[in-house]
Amino acid sequence: MTVAYAPRRDIVSKVRRRMTQHYAARAASLSFAQPILSITFDDFPASAADAGARVLERHGARGAYYAASGMAGVAGPCGVGYTAADIARLVAAGHEIGCHTSAHADCARQDVFTTLEDLARNRDALQAMGAPSPRSHAFPYGETSKILKDNLPPRFATARGILPGLNVGRTDLAQLRAYPLFGEGAMKRVYAALKTAAKRKAWVIGFTHDVSDTPSAWGTTAGDLNALLTEARKLGFVILPVSAALARRLP
Ligand SMILES: [Zn+2]
């Protein structure tokens, strides 16, 4: 990713996006014994594996890293991408490595077979780096389609989008909701979500990219991440990677 791509914003794309989110390819009814927070990193920049993991681990928590193998070691707007050494350290420490496609293309505008081939390529690349076959997926730019949601490999227990909302009650495991931890007013919104989620024993997912004192427009400071985890703990949240969080669902 040498330039920041922006998905289409025309009216047809917007309507299609809304219909895709509304269509539950893997409808589930989720309930939990306590509220859960998952911190996820997309792409992911080396700083997420370094500074990001340090913050999580200080809280005794682990995160989920959605890796796009095409971005490994490559410099982009969020900094340089992860390396095989980052994968090894994260896996050894108990973090989750998820799939974020290999090419990081807009899956809403790409043939489904091309995407499925790309998902397999990403799995192979991650396994070659020592990661287990990913059990979770995040759509690049949050973009997906009905046909892709219907045809996600069964090895993925979940797929995550980028539309905000709590994951509790009627939920689509093929497009979990998530809050950005970057951008104007984002942290305020996620704090409000935590308050509601604490009462409803809901699952909140946050997503970001780089973690730095001077983050990109898509990144988070270590201080903001630390404050969020501190608040979540105060409200009684358990902080878990995505697949471990899903495993906490009540029967
Ligand atoms: Zn991404």
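The values are calculated or read from the model by the stated rules, or taken from the named source; none is laboratory data. The structure presented is a predicted model; accordingly, all values stated were derived computationally and were not measured. Glycine gets a Cβ as well: all are built from the backbone with ideal geometry, and neighbour counts include every protein chain shown. When the accessible area is computed, the model is the full protein with side chains, heavy atoms only, and any ligands, DNA or RNA have been set aside. Shrake-Rupley method; radii C 1.70, N 1.55, O 1.52, S 1.80 Å.
Quick notes on this structure:
- Restricting region 7-51 to residues that are without any contact (Cβ under 8 Å) to a residue 60 or more places away in the chain and within 16 Å of the ligand (Cβ to nearest atom), the residue that is most open to solvent (accessible area, probe 1.4 Å) is ALA46.
- Per the listing GLY70, GLY76, GLY63, the residue uniquely buried (at least 16 other Cβ atoms within 10 Å of the Cβ), closer than 17 Å to SER102 by Cα and touching an Asp or Glu at 6+ places or on another chain (Cβ under 8 Å) is GLY76.
- Qualifying residue in region 149-158 (condition: under 30 Å from ALA192 (Cα atoms), among the aromatic types (Phe, Trp, Tyr) and open to solvent by 30 Å² or more (accessible area, probe 1.4 Å)): no
- The residue that is nearest to the chain's Cα centre (by Cα), counting only those in region 220-234 that are over 14 Å from LEU181 (Cα atoms) and exposed (fewer than 15 other Cβ atoms within 10 Å of the Cβ), is THR230.
- Residues being in contact with a strand residue (DSSP E or B) (Cβ under 7 Å, 6 or more places away or on another chain), within 25 Å of LEU246 (Cβ to Cβ) and small (Gly, Ala, Ser) - total across region 50-80: 6
- Search result, residues across region 184-201 that are touching a Phe, Trp or Tyr at 6+ places or on another chain (Cβ under 8 Å) and either under 14 Å from GLU231 (Cα atoms) or open to solvent by 10 Å² or more (accessible area, probe 1.4 Å) (or both): ARG189, VAL190, ALA193, LEU194, ALA197, ALA198, LYS201
- Among the candidates VAL168, VAL204, residue that is β-branched (Val, Ile, Thr), surrounded by fewer than 24 Cβ atoms within 10 Å (Cβ to Cβ), touching a strand residue (DSSP E or B) at 6+ places or on another chain (Cβ under 7 Å) and closer than 23 Å to PRO251 by Cβ: VAL168
- Filter result for ALA88 (open to solvent by 20 Å² or more (accessible area, probe 1.4 Å) and either away from the ligand (no atom under 16 Å from the Cβ) or on the phi < 0 side of the Ramachandran plot (or both)): yes
- Any hit, region 193-213, residues being modelled with pLDDT of 95 or more, closer than 19 Å to ALA48 by Cα, away from the ligand (no atom under 15 Å from the Cβ) and of a type in the set (D, E, K, R): yes
- None of ARG155, ARG160 is of a type in the set (Lys, Arg), within 14 Å of the ligand (Cβ to nearest atom) and at pLDDT 95 or above except ARG160.
- Taking region 112-148 as the range and being in contact with a Lys or Arg (Cβ under 7 Å, 6 or more places away or on another chain) and open to solvent by 20 Å² or more (accessible area, probe 1.4 Å) as the test, the residues that pass are SER133, ARG135.
- Condition met for ARG109 (open to solvent by 70 Å² or more (accessible area, probe 1.4 Å), touching a residue at least 40 places away in the same chain (Cβ under 8 Å) and within 16 Å of the ligand (Cβ to nearest atom)): yes
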